[in-house]
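Enquirer: Got a structure for you, questions after.
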Amino acid sequence: MSAPKVSGIDSIHDLLRHPLGIEMVTDALAKAKLPESAEEFLEFTPLTTRLAAAVGPKLGEDLGLQSQTRDAVALSHRYGYVLLGLLCGIAEQGISITQLDERIKAEDCLIVATVPSSALAWNGELSAHVSGRQSDYRIEASVTFKGQKFAWGRGKRILKRLFQDVERYARGYETNNL
């Protein structure tokens, strides 16, 4: 008996156990190109800069500093396509999922992930909430960098690319009737 199509899956956990779901996320992860991390960048800076960088984020967090970007997108695709597109979009950016929370009602999911550091920002957190029904879904997402006031547009770029990737992946799955 063959596995059901992705379009009929209504659980993120089932999607991650589905052979095609595993294959698609693995392929997306292989495409990930991580920027130079903050730690790698600091290797080439003076000792005083490294010392300041070691205490700065914690001090900024204690002071309540954070940079947060929020955005949302509406999609007209099946739930399985939207979820798989979101998982692949997250993987393709080299972002590590830390939490998956499916709500009691169907077609409602929260994904929380760790954004790797870069020369512009320390580690951050991506939060994406998918909700809707039938073929009318909405992803509300935010990227937060704690301990720093500015992330120099990094959160905005992450969300823009993520939403473009979700649409591209979901459209491709729909076209190929997966």
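Computed from the coordinates by the stated procedures, all read-outs in this text should not be read as laboratory data. Since we're looking at a predicted model, the values are computed, not measured. Cβ atoms come from the backbone with ideal geometry, glycine included; neighbour counts cover every protein chain shown.
Enquirer: With only alpha-carbon atoms in the gyration tensor, what are the semi-axes of the equivalent ellipsoid for the chain, in Å, largest first?
Expert: Ellipsoid half-lengths, sorted descending, are 34, 17, 13 Å.
Enquirer: Put a dot 7 Å past each Cα toward the Cβ at PHE41 and SER76; how far apart are the dots in nm?
Expert: Output for this residue pair reads 4.0 nm.
Enquirer: Give me the mean projected area, in nm² to one decimal, of the convex hull enclosing the Cα positions of the range 55-117.
Expert: Averaged projected area of the range 55-117's Cα convex hull equals 6.0 nm².
Enquirer: Now for a different question. Run through the range 1-105 and list the trypsin sites (Lys or Arg not before Pro) located in a DSSP loop whose Cβ has at most 15 other Cβ atoms within 10 Å.
Expert: LYS5, LYS31, LYS33, ARG103, LYS105
Enquirer: Based only on other Cβ atoms within 10 Å, what is the fewest-to-most ordering of GLU43, GLU92?
Expert: GLU43, GLU92
Enquirer: Checking the table LYS31/LYS160; LYS5/LYS33; LYS31/LYS58; LYS33/LYS160; LYS58/LYS160 against a 26 Å threshold on Cα-Cα, which pairs fail?
Expert: Beyond 26 Å: LYS5/LYS33; LYS31/LYS58; LYS58/LYS160.
Enquirer: Here is a follow-up. By how many nm would the segment from TRP152 to ALA54 lengthen if fully extended, with 0.36 nm per residue of separation less the alpha-carbon distance?
Expert: 33.3 nm
Enquirer: How far, in degrees from 0 to 90, does helix 47-62 lean away from the longest principal axis of the Cα atoms of the chain, to the nearest 10?
Expert: 60 degrees
Enquirer: Using the Kirkwood radius built from alpha carbon pairs, what does the Stokes-Einstein equation give as D for the range 81-157 at 25 °C and 0.890 mPa s, in µm² per second? Kindly include the intermediate steps, with their values, before the conclusion.
Expert: On the way: Rh = 13.3 Å.
In µm²/s, the coefficient rounds to 185.
Enquirer: Ok, one more. Mind checking the range 108-151 for trypsin sites (Lys or Arg not before Pro) that DSSP puts in a loop (not H, G, I, E or B) and that have at most 14 other Cβ atoms within 10 Å?
Expert: Passing both the DSSP loop test and the Cβ count: LYS149.
Enquirer: Let's test the formula: R0 of 22 Å, r as the Cβ-Cβ distance of GLU140 and ASP10. What FRET efficiency results, to the nearest 0.05?
Expert: In this case the efficiency is close to 0.70.
Enquirer: Enumerate the residues in the range 66-90 having an amide nitrogen under 19 Å from the point lying 7 Å beyond the Cα of GLN99 toward its Cβ.
Expert: 66-71, 87, 90
Enquirer: Below 12 angstrom from the Cβ of GLN68, what's the summed charge of the other residues (Lys, Arg +1; Asp, Glu -1)?
Expert: +3
Enquirer: Shifting gears a bit: Which chymotrypsin sites (Phe, Trp or Tyr not before Pro) in the range 87-161 sit in a loop by DSSP (not H, G, I, E or B) and have at most 14 other Cβ atoms within 10 Å of their own Cβ?
Expert: Answer by residue number: PHE150, TRP152.
Enquirer: Next question. Counting helices only, and only those DSSP H runs with n ≥ 4, report the 222 nm mean residue ellipticity of the chain as the sum of -39,500 (n - 2.57) divided by its residues, in deg cm²/dmol to the nearest 500.
Expert: Numbers: 6 runs with 75 residues, N = 178.
Mean residue ellipticity at 222 nm (helix-derived): -13000 deg cm²/dmol.
Enquirer: Taking amide H positions as placed 1.01 Å from N in the peptide plane, with prolines and chain starts having none, which residues 5 or more places from GLY124, or on another chain, fall under 5 Å of its amide H?
Expert: Those qualifying (amide H under 5 Å, at least 5 residues apart or on another chain) are VAL115.
Enquirer: Once phi is turned into ³J(HN,Hα) by the Karplus curve 6.51 cos²θ - 1.76 cosθ + 1.60 with θ = phi - 60°, what whole-Hz value does each residue of the range 107-122 show in order, with x for glycine and proline?
Expert: Per residue, the Karplus-derived 3J(HN,Hα) values read 6, 8, 9, 10, 10, 10, 8, 9, 8, x, 5, 9, 5, 9, 7, 6 Hz.
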